[in-house]
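Just below is one structure, and these are the notes that go with it.
The values are calculated or read from the model by the stated rules, or taken from the named source; none is laboratory data. Predicted model, so just to flag it, every value in this text is computed and none were measured. FYI the Cβ positions are ideal-geometry reconstructions off the backbone, even for glycines, and counts take in every protein chain you see. Just so you know, the surface numbers come from the protein's heavy atoms only, side chains and all, with ligands and any DNA or RNA stripped out. Shrake-Rupley method; radii C 1.70, N 1.55, O 1.52, S 1.80 Å.
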Amino acid sequence: MDLGLRGKKAMVTGASRGLGRAIALELAGEGCDLAVCARGEAHLAEAVDQFEGAGGAVFSEVVVVTQPGEIAEFVEGAAAALGGIDALVNNAGGATPGNFESLTEEQWRADIDVKLFSMIRCCREVLPHMRARGGGRMVNINAVYGRYPHPDFFATSVNRAACLSFTKALSFELGPENILVNSVNIGFVESSQWERIRQRRAPDLEPEEFFRRTAAEVPLGRFGKADEVAAVVAFLLSERASYVTGASIDVAGGFGRYL
């Protein structure tokens, strides 16, 4: 299936490792030119080598998405280097384990800043460039916990719900301009982040046993793979999804007890 992505200019945040890296690699394989950013220089450089090997131009910068000025500079640099921006994938962010009583004010502020406000900043900055090209695509990576709250991931549950609402509201506003905005909601996806969670929550458990127990609530009985999520993101950015906006799509193996 030709997704019609060849030559498109796609921006991916948090692209140095894990899911972001898989998404950027998927898009590079579809023929996109990439603008990628992440916090860590070493991991980003390794990822860029991989993206360039897949073909297409790559513009990269070390960016902290909680810093508005850094996002603005990155977007302007990317648009100039690539000749525009057609697509944005807001992937930056991570889980913040903790229940209501354990989470500090600082943790709450940091979590909503890296999740919700990074999306707001990136969408705001790319919007003029998408308008200049007559349309565009935005995909926000969210979490099933935004619709299926869990007390052990209290901040993630609350803040991801805000991200889902932001995505839906933005799709209403930008739809008339042919700028499509959708959400992809993940559950348990294999990543170094989950290994860090294991070390905090169950350091005495072997990784295989911890992941087996954690995945027990998933109907498919396993953690997802990053490329399984990346394939859905690529579809939503493509011409094949030209009538899909405001959608909230779970890529979570059936995880989440709601209709």
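Residue pairs, Cβ under 6 Å, 6 or more apart or interchain, first in region 10-32 and under 18 Å from residue 45 (Cβ atoms) and polar (S, T, N, Q), second open to solvent by 10 Å² or more (accessible area, probe 1.4 Å) and assigned to a helix (DSSP H, G or I). List them.
16/43
Can you list residue pairs whose Cβ atoms sit under 6 Å apart, with the first residue in region 96-119 being aliphatic (A, V, I, L, M) and the second being at pLDDT below 95? Count only pairs 6 or more apart in sequence or on different chains.
From region 96-119, the pairs are 114/93.
Give me the pairs: first residue in region 151-178 and open to solvent by less than 30 Å² (accessible area, probe 1.4 Å), second residue assigned to a helix (DSSP H, G or I) and polar (S, T, N, Q), beta-carbon distance under 7 Å, and six or more apart or on different chains, which are they?
155/107
Just checking, how many residues over region 42-91 are within 18 Å of residue 139 (Cβ to Cβ), among the small types (Gly, Ala, Ser) and buried (at least 24 other Cβ atoms within 10 Å of the Cβ)?
2
Please enumerate the residues belonging to region 194-231 that are of a type in the set (Val, Ile, Thr), modelled with pLDDT of 95 or more and out of contact with any helix residue (DSSP H, G or I) (no Cβ under 8 Å at 6 or more places or on another chain). Lay out the reasoning, then the answer.
Our first condition is that a residue be of a type in the set (Val, Ile, Thr); within region 194-231, this holds for 197, 214, 218, 229.
So of that shortlist, the ones also modelled with pLDDT of 95 or more come out as 218, 229.
If the condition is that a residue be of a type in the set (Val, Ile, Thr), modelled with pLDDT of 95 or more and out of contact with any helix residue (DSSP H, G or I) (no Cβ under 8 Å at 6 or more places or on another chain), then 218 is the only one that fits.
Within region 197-224, take every residue that is of a type outside the set (Val, Ile, Thr) and touching a residue at least 40 places away in the same chain (Cβ under 8 Å) and give me the one that is surrounded by the most Cβ atoms within 10 Å (Cβ to Cβ). Write out each step before concluding.
Start the filter on region 197-224 by keeping residues that are of a type outside the set (Val, Ile, Thr), which leaves 198-213, 215-217, 219-224.
Filter once more, so that each one left must be touching a residue at least 40 places away in the same chain (Cβ under 8 Å): 200-201.
On the way: 200: 9, 201: 12.
Top of the filtered list is 201.
From the residues in region 92-121 that are hydroxyl-bearing (Ser, Thr, Tyr) and open to solvent by 20 Å² or more (accessible area, probe 1.4 Å), which one is nearest to residue 131 (Cα to Cα)?
Within region 92-121, the subset hydroxyl-bearing (Ser, Thr, Tyr) is 96, 102, 104, 118.
Restricting the remaining residues to those that are open to solvent by 20 Å² or more (accessible area, probe 1.4 Å) gives 96, 102, 104.
Details: 96: 35, 102: 44, 104: 40 Å.
Per the stated criteria, the residue is 96.
Among the acidic types (Asp, Glu), surrounded by fewer than 21 Cβ atoms within 10 Å (Cβ to Cβ), free of Cβ contacts under 8 Å to residues at least 24 places away in the same chain and in a loop (DSSP other than H, G, I, E, B): is that true of residue 2 in this structure?
Values: among the acidic types (Asp, Glu): yes; surrounded by fewer than 21 Cβ atoms within 10 Å (Cβ to Cβ): yes; free of Cβ contacts under 8 Å to residues at least 24 places away in the same chain: yes; in a loop (DSSP other than H, G, I, E, B): yes.
Criteria met by residue 2.
Which one of the conditions (1) in contact with a helix residue (DSSP H, G or I) (Cβ under 9 Å, 6 or more places away or on another chain); (2) over 19 Å from residue 135 (Cβ atoms) does residue 39 fail to meet, given that it meets all the rest?
(1)
If you scan region 5-18, which residues turn out to be open to solvent by less than 10 Å² (accessible area, probe 1.4 Å) and under 22 Å from residue 64 (Cβ atoms)? Walk me through it before giving the result.
Applying the first criterion (open to solvent by less than 10 Å² (accessible area, probe 1.4 Å)) to region 5-18 yields 5, 10-13, 15.
10, 11, 12, 13, 15, listed by residue number.
Only one residue in 39, 21 is surrounded by fewer than 23 Cβ atoms within 10 Å (Cβ to Cβ) and within 19 Å of the chain's Cα centre (by Cα), so which one is that? If you could, list the steps in order and put the result at the bottom.
Details: 21 fails: surrounded by fewer than 23 Cβ atoms within 10 Å (Cβ to Cβ).
Within the list 39, 21, the selection yields 39.
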